[in-house]
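What follows is a single structure, written as structure tokens, with notes after it.
The values are calculated or read from the model by the stated rules, or taken from the named source; none is laboratory data. Everything numeric here is computed off the predicted structure, so don't read it as measured data. Please note: Cβ atoms are built from the backbone with ideal geometry, for glycine as well, and neighbour counts cover all protein chains shown. Each accessible area value is taken on the protein alone, full model and side chains, heavy atoms only, with ligands, DNA and RNA left out. Shrake-Rupley method; radii C 1.70, N 1.55, O 1.52, S 1.80 Å.
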Amino acid sequence: AALEQAAAAQLRRALLALSLLLAFAVVCVGYFRTRLFLPLGRITQALNGIVSGRPLLELQAEAKRHDEIGLLSQGVTLLYASLQETQRLKEENEQLAQRDRLTGIGNRQALEQALPTLIGHAERYEEPLAMVLLDLDHFKRVNDTWGHPVGDEVLIKTAQVVRQAIRSDDRFFRMGGEEFVVLMPQTNAGGAERAAEKMRLALEAVDHPRVGRVTASFGVSERVWGEDFPSWYKRTDEALYQAKEAGRNRVACLVEESISVARVQLLWRKEWESGDPVIDAQHQALFK
């Protein structure tokens, strides 16, 4: 009986020790899971989000801790803020690089980036696309008489007046000096000529301080299907030259129903393919 009691007591002590050990293990697992594993998992998820370009996962609770987890969370938050600021500055610099510093409108670089989209859309949907090229009359006389600061004021005012005269869908650029370009989607030569006359009248009505009236001459043309920009720009510049030669402060429109083969760039279209490689090869050979 004594041996049985001793064995029973020993068993109870062993069970108690095992229970305490299991309870300690459960407490440890719960502690580490709550205080370490889950916060680290959220921090890892936040870092993965940063890499993927997603918004930062909130780490407010973790950042309030006064231990390594708190420092790590604060570091992740600062990293995200730094990356956001870097991206903002990059986008701002890209926008500034495409803006004319004096007038605030698009510059030549912005024009070059806009052309593929505008021409591609016009080609795809078979829509007209017109160009208006304007140049201030006798602008060198303004700079020589009143100085470049006054000339800059005239250029700024010119850009403001033209921007108010054109549509929101039209694209306005400064090519350099006193020369500006307006690209007009879904507009034929006649519509662009009427828009140019509206711009001309608006500029003619402006009374610049000290300088007085500064007029502009306009060249207008509609892009012909398949025509590249240099050829199109050259035709528009020829129209502008005609306006200058005819006495300035006027609009000249160059209408060309067709263009020479030297100006055409033929491109094979995917929708022309039949799906049969032999037939498609024959068609492409005939096309070339």
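Extension gain Ser274-Arg12, at 0.36 nm per residue separation less the Cα-Cα distance, in nm? List each step's numbers first, then the result.
Working: separation 262, 0.36 × 262 = 94.32 nm, distance 8.66 nm.
Result: 85.7 nm gained on full extension.
Along Cα→Cβ, 7 Å out, is where each label goes; now give me the distance between the ones at His121 and Arg210 in nm to one decimal.
Rounded to a tenth, the inter-label distance reads 4.0 nm.
Give me the tail of P(r) for segment 87-146 as a percent: Cα-Cα pairs with distance above 14 Å.
Working: 1277 of 1770 pairs.
That fraction is 72 percent.
Taking the chain as a Gaussian network, Cα atoms linked when under 10 Å apart, which of Gly226, Gly75, Gly177 shows the biggest mean-square fluctuation?
Of the options given, Gly75 has the highest mean-square fluctuation.
Most fluctuating residue of Ala196, Ala216, Ala25 in a GNM of the chain with Cα springs under 10 Å: which is it?
Ala25
What label, among (1) 1.07; (2) 1.40; (3) 1.05, belongs to Rg/Rh (Cα atoms, Kirkwood Rh) computed from the structure on display?
It is the value labelled (2).
If I build a Gaussian network model for the chain, linking alpha-carbon pairs within less than 10 angstrom, which residue out of Ser73, Ser168, Ser19 has the largest mean-square fluctuation?
Highest fluctuation among the options: Ser19.
Determine the principal axes of the Cα atoms in segment 154-259, then give the extent along each, sorted from largest to smallest and rounded to whole angstroms.
Taking the Cα atoms of segment 154-259, the three principal extents are 46, 31, 24 Å.
Could you tally the net charge around Leu20, taking each other residue with its Cβ under 14 Å from the Cβ of Leu20, Lys/Arg +1 and Asp/Glu -1?
Values: positive: Arg12, Arg13; negative: none.
Combined, the nearby Lys, Arg, Asp and Glu give +2.
Mind checking the per residue accessible area of the chain for me, 1.4 Å probe, whole number of Å²?
63
Would segment 81-220 count as rounded, prolate or oblate if I go by the C-alpha gyration tensor, calling it rounded below 1.5 in a/c and otherwise prolate when a/b exceeds b/c, oblate otherwise?
Numbers: a/c = 2.50, a/b = 1.16, b/c = 2.16.
Oblate, since a/c reaches 1.5 and b/c is not below a/b.
If you roll a 1.4 angstrom probe over the protein chains with everything in place, what fraction of the accessible area of the chain belongs to carbon and sulfur, to the nearest %? Could you put the intermediate results ahead of the total?
Values: 10240 of 18230 Å².
The value for the chain is 56 percent carbon and sulfur by accessible area.
Once you compute Rg and the Kirkwood Rh from C-alpha atoms, what is the Rg to Rh ratio for segment 1-127? Numbers along the way, then the final one.
Working: Rg = 31.6 Å, Rh = 21.0 Å.
When Rh is taken as the Kirkwood radius, the ratio is 1.50.
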